[in-house]
1. Are there any pairs, at least 6 apart or on different chains, whose C-beta atoms fall under 6 Å, with the first in segment 202-226 and closer than 14 Å to residue 456 by Cα and the second crowded, with 19+ Cβ neighbours inside 10 Å and of a type in the set (Phe, Trp, Tyr), and if so, which?
2. Residues in segment 201-219 that are open to solvent by 40 Å² or more (accessible area, probe 1.4 Å) and either farther than 14 Å from residue 455 by Cβ or touching a strand residue (DSSP E or B) at 6+ places or on another chain (Cβ under 7 Å) (or both): how many?
3. If a residue must be in contact with a Cys (Cβ under 9 Å, 6 or more places away or on another chain), surrounded by 18 or more Cβ atoms within 10 Å (Cβ to Cβ) and assigned to a helix (DSSP H, G or I), how many such residues does segment 284-332 contain?
4. Could you list all residues from segment 227-264 that are hydrophobic (A, V, I, L, M, F, W, C) and either free of Cβ contacts under 8 Å to residues at least 12 places away in the same chain or under 19 Å from residue 204 (Cα atoms) (or both)?
5. In segment 214-245, which residues are out of contact with any Leu (no Cβ under 7 Å at 6 or more places or on another chain), part of a loop (DSSP other than H, G, I, E, B) and under 29 Å from residue 478 (Cβ atoms)?
6. Mind checking which pairs have a first residue in segment 369-384 that is at pLDDT below 95 and surrounded by 18 or more Cβ atoms within 10 Å (Cβ to Cβ) and a second that is part of a helix (DSSP H, G or I) and among the β-branched types (Val, Ile, Thr), Cβ under 8 Å, 6 or more apart or different chains?
7. Yes or no: residue 452 outside any helix (DSSP H, G or I), open to solvent by 10 Å² or more (accessible area, probe 1.4 Å), more than 18 Å from residue 241 (Cβ to Cβ) and of a type in the set (Ser, Thr, Tyr)?
8. Wholly within segment 476-575, which helices (runs of 4 or more DSSP H) include no fewer than the required count, namely at least 3 residues that are surrounded by fewer than 21 Cβ atoms within 10 Å (Cβ to Cβ) and over 18 Å from the mean Cα position of the chain (by Cα)?
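The values are calculated or read from the model by the stated rules, or taken from the named source; none is laboratory data. Given the structure is predicted, the values throughout are model-derived calculations rather than measurements. Quick reminder, even Gly has a Cβ in these numbers, built from the backbone with ideal geometry, and neighbours come from all protein chains shown. Calculation scope for accessible area: heavy atoms of the full protein, side chains included, ligands and nucleic acids excluded. Shrake-Rupley method; radii C 1.70, N 1.55, O 1.52, S 1.80 Å.
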Amino acid sequence: MESHQYFGYGVTGAGLSYSSSYPSVPSMPNRLFGSLKLDIGNSTSSPFSTQFDCDTYATTVSDSQDCYSPTENLSGESSSYFSRLNPSVDCQRESLFPGGTSLLQDASSSHNIKHALLKLETTLMGPDDDEDVNTPNTCLEGSSRPQTSDQKPSAWSQQHEGSHVIQTQTSFVSRQRQFSKGANVEKRQKEMEEVPFHGIPSGDLKQLLIACAIALAENKVNDFDKLIEKARSVVSISGEPIQRLGAYLVEGLVARKESSGTNIYRALRCNEPEGKDLLSYMHTLYEICPYLKFGYMAANGAIAEACRNEDHIHIVDFHIAQGTQWMTLLQALAARPGGAPHVRITGIDDPVSKYARGDGLDAVARRLTAISEKFNIPIEFHGVPVFAPDVTKEMFDVRPGEALAVNFPLELHHTPDESVDVNNPRDGLLRMIKSLNPKVVTLVEQESNTNTAPFLTRFVETLNYYLAMFESIDVRLPRNQKERISVEQHCLARDIVNVIACEGKEREERHELFGKWKSRFMMAGFRQCPLSSYVNSVIRSLLRCYSEHYTLLEIDGAMLLGWKDRNLISASAWY
C-alpha cells in the first residue's frame, strides 16, 4: 500500500454552524458593535485603544492616534483632561475680558488707563473660570480648532503695535495664565495625594491595583476614579511585568465599572490581527515559555503509556488547534517493534484556532496527511466543527475494539458549570465521556481559582497568576520588543479582561484548581492514574532549557508546572 493511502479524512456536523453562545473570532463588527459607545477605548492610556475601530470608533480613534500612540504612552489622561489642564491662552482671552472688545478699547485711551487696569485687576483676581471652559481637542474635534497665536480676536488686532499698555497687559495676562495653569496642576496633584490609599507605600503598583478593585467592589465610585487615574499614570505595556499586567487590569476594571466588559472582550476578538500574525504570536508564546509544551508532553506521555499494546487507537482532542501537537506521539507509535497501530483522531474545533489557521479543519487534515506519509503510520482524521459544550457522543463515532483516549488541553474551563447553567454542562460532559469507557483521559488546566470566586478574590488571584506568567515572559523577550507586546496583548490580555470585567454566561474564562477538577472527575466516575516517571524526567529536562525559576511538582497524583512559588499549569490522567 502506498503511503498516501494511509490517511482518511471525514467531517461530522458539517451542516452545523457555530451557533453557540461563544462569539466567533472573525465575526463582522458591523453586526456586533453598531451602537457600541465606550470611553475606555478612546483613552490615551488604554492598551486597547488601537483595537476599537469597529463602526462608531473608527473616526474617533483614527483621529486620536495622530496625537497619541497607545504603545508609547500609557500614563496620560483622557483628551478632555488634557484640554482642561492646558487651555490655549488665545482661545481663552474672552473669558479674561468680559464685555468683549470694550475693555481694550478703553485701554487705548490714555484717559482710561487707570480705570482699565483696575477693571483688569478685578477680573483677574476674581473667581477662576477655567473649570467652566471647554477647549476643543484638536485630535478629537477636527471641525473645532482653538485659535492660534496668529488668529487674534478683532479687538486684539485693532491696537497699536507699539502700545506699552497692551504689552504690559499681555505680559501680565501671560504670567497670570501660567500661574493659573500651575495652580490647576498643583490642585490635581493635591487631590491625588488626598486619595485614601489605605497605607499603600509609594511606588507599590500591586497594592494600588488591589485598592482600585476594593473601591470598585465597595461601589466607592469617587475613590475608584481617583485611584484608577493614579494607576493609569504608572502602568505601561513596555514596562516591568507588574506595569504591563497593570495596563490590562486597569482596562478590565474600568470596563467592569462601565458594564462594558463583554463588548470589549468581543471587540478584541473582532479586531484580531491577521490570522497568520495571530498564529505567529501563538507560536512565539509556545517557544518562549514551556507551558504549552508541558501540556502536550504530559498528554502524549499518558496516552502512549495507556495505549502501548493497542492496535487501534482513537484520540478525541477537544482542542485540535493545528494538529501538530500529536507529531511526537505518532512518531513513537510508528516506531513500535510490533508495527504501527491504526490511529484515528477526532478533532474538536474552536474559534481562535480556526481563525489562526485561516482555514477549516481540512488544514489539520493536510498536516496529519503529511505526518502519516513521513512516519508510515495509518491515520484517519475526523473533524467535528462545533464547540465543546455542543458535542454529543454520536459525533465521536466510537467503534468496537478501539482504545479511546480523550484529551482536554486548557479547554474544559470554557464549559459552563452549575454556577452558570442549572444543567451543569461541565459535569455533564465528563459523565458523557465516562459513558464511552475511555482507556485514558488527559486533563491540562490553568492552576487558578476564578470560577466561582467573588470579584475581589478573583481579581487578586488573576493578578498573582498572570504576574508570574508575565515575569516568565520577561526572561526570554526584551521589554521594548514589539513582538512581546503583541504576544501579551493578543494571547493573554483578552482572557484577563474577560475574567475581571465579565459575569454570568459572558465570563468564559472559568479556571479551577486541580483539587476541584479531581472532585469533578471522581463524581463522574473516573479514577486517577499517575503520570509516568519517564514523562516527569523528560519534562524536567525541558525546563532546564528555559530558566531555573520554573518548578515541577508532583502533588496528589498530578504534575504542576510553576514559576518560582506560583503553580501555573496542572496535568493529570484518568480512566
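1. Pairs found: 213/459; 215/224; 216/224.
2. 6
3. Looking only at that region, the number is 4.
4. From segment 227-264, those hydrophobic (A, V, I, L, M, F, W, C) are 227-228, 231, 234-235, 237, 242, 245, 247, 249-250, 253-255, 264; that's our starting set.
Correct list: 227, 228, 231, 234, 235, 237, 242, 245, 247, 249, 250, 253.
5. Correct list: 233, 238, 239, 240.
6. The qualifying pairs are 383/364.
7. On the way: outside any helix (DSSP H, G or I): yes; open to solvent by 10 Å² or more (accessible area, probe 1.4 Å): yes; more than 18 Å from residue 241 (Cβ to Cβ): yes; of a type in the set (Ser, Thr, Tyr): yes.
Taking the combined requirement at face value, the residue satisfies it.
8. Details: elements: 482-488, 494-501, 514-523, 533-543.
Where helices (runs of 4 or more DSSP H) fall fully within segment 476-575 and carry at least 3 residues being surrounded by fewer than 21 Cβ atoms within 10 Å (Cβ to Cβ) and over 18 Å from the mean Cα position of the chain (by Cα), they are 514-523, 533-543.
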